[in-house]
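Trainee: I'd like to ask some things about the structure below.
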Amino acid sequence: MSDQKSDDAIAAETIDASRPAAAPVGMGLADDLVMAMRFFSRLPTGSSPHQKPALNRIAMALPLASLAIGLMPALLLIGGALIGLPVYFAAGLAVASMVLVSGAMAEDALADAADGLFGGHTPARRLEIMKDSRHGTYGVAAMCLLLVLRVSGVGAVAAINPLAAGAIWLAASIVGRSGALWLAVALPAVRPDGISATAGAVSGRSFTVGAVFTLVLLFVLAGPATSLLALGCAIVVTIAVIAGWMALCKRLVGGQTGDLIGALGAVLEIAVLCALLPFA
């Protein structure tokens, strides 16, 4: 009787082994896209179960998520300018909508990073300031400058070509979010209980896949509105800003945090705009 049971068990194992393995639940590109949008925006993403954010998965889908996040603000900018609204008023409305859609993540991160990096005198004190939800002088100034530069930059181009302004701004926001994740590749998380640490590091492979998608979208969106020279300048500026910010973070706090990643995304967005707008 025991031999019969053993034979049956072996047969069952053989049948199970011959069957194709079930696909992991929640591990496809669509699921990564939902995770990225939930992490970086307040847009509705359906009723699928919530998964713990993993930056390594988010990195590959983030360019597409950023496209979805920035599409409505860009269309609002274009539509407002085309229907006759004053271009800077339309730009202000579009930037306000971006803040709402993104949950002001970049603005809050930039303010926290500015307060911490430039308001403290030791790594421990800088991290303590960044963790404080209140904003100081450096943080408020950085947040205001970010909003002013966005409005004035895209508004100036929208006065000439609204379509070009929307496309360039959308491309810059995509490059900013994806490029900022390099910090999670190159530097360790310095706050073990922070968002960056709990979301995990990003592998070089995942970042590279996301970077390829980002470059494609940069060429598709900003290429027709600018030139190959402009795109080359934008890529060089992006690399330079990432290297500079990474060196600053390493020297002042010894690594990276979620605020420093988010702040780099905002800085990169403005840097790419600076590189592209003269060619628009």
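Quick grid of which residues meet (1) assigned to a helix (DSSP H, G or I); (2) under 12 Å from the mean Cα position of the chain (by Cα):
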{"residue": "Gly155", "(1), (2)": "yes, no"}
{"residue": "Ala167", "(1), (2)": "yes, no"}
{"residue": "Ser178", "(1), (2)": "yes, yes"}
{"residue": "Pro192", "(1), (2)": "no, no"}
{"residue": "Thr198", "(1), (2)": "yes, no"}
{"residue": "Val202", "(1), (2)": "no, no"}
{"residue": "Arg205", "(1), (2)": "yes, no"}
{"residue": "Val209", "(1), (2)": "yes, no"}
{"residue": "Val212", "(1), (2)": "yes, no"}
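Trainee: Pairs, please: C-beta under 9 Å, at least 6 apart or cross-chain, first residue within 17 Å of Gly120 (Cα to Cα) and touching a residue at least 60 places away in the same chain (Cβ under 8 Å) and in the stretch 240-269, second surrounded by fewer than 19 Cβ atoms within 10 Å (Cβ to Cβ) and β-branched (Val, Ile, Thr)?
Mentor: That search, which allows pairs on different chains as well, returns Thr257/Ile195; Asp259/Ile195.
Trainee: When you scan the stretch 53-85, how many residues do you find that are free of Cβ contacts under 8 Å to residues at least 40 places away in the same chain and not in a helix (DSSP H, G or I)?
Mentor: 3
Trainee: If Ser133 satisfies all but one of (1) assigned to a helix (DSSP H, G or I); (2) among the polar types (S, T, N, Q); (3) surrounded by fewer than 21 Cβ atoms within 10 Å (Cβ to Cβ), what's the number of the condition it fails?
Mentor: For Ser133, the failing item is (1).
Trainee: What's the total number of residues in the stretch 251-274 that are farther than 18 Å from Leu145 by Cβ and out of contact with any Gly (no Cβ under 7 Å at 6 or more places or on another chain)?
Mentor: 7
Trainee: Quick check on the stretch 232-246. Is at least one of its residues in a helix (DSSP H, G or I), among the β-branched types (Val, Ile, Thr) and touching a Gly at 6+ places or on another chain (Cβ under 7 Å)?
Mentor: yes
Trainee: Name the residues in the stretch 164-212 that are at pLDDT below 95, hydroxyl-bearing (Ser, Thr, Tyr) and crowded, with 24+ Cβ neighbours inside 10 Å, would you?
Mentor: Ser196
The values are calculated or read from the model by the stated rules, or taken from the named source; none is laboratory data. If you're wondering where the values come from, they're calculated on a predicted model, not measured in any experiment. Cβ atoms come from the backbone with ideal geometry, glycine included; neighbour counts cover every protein chain shown.
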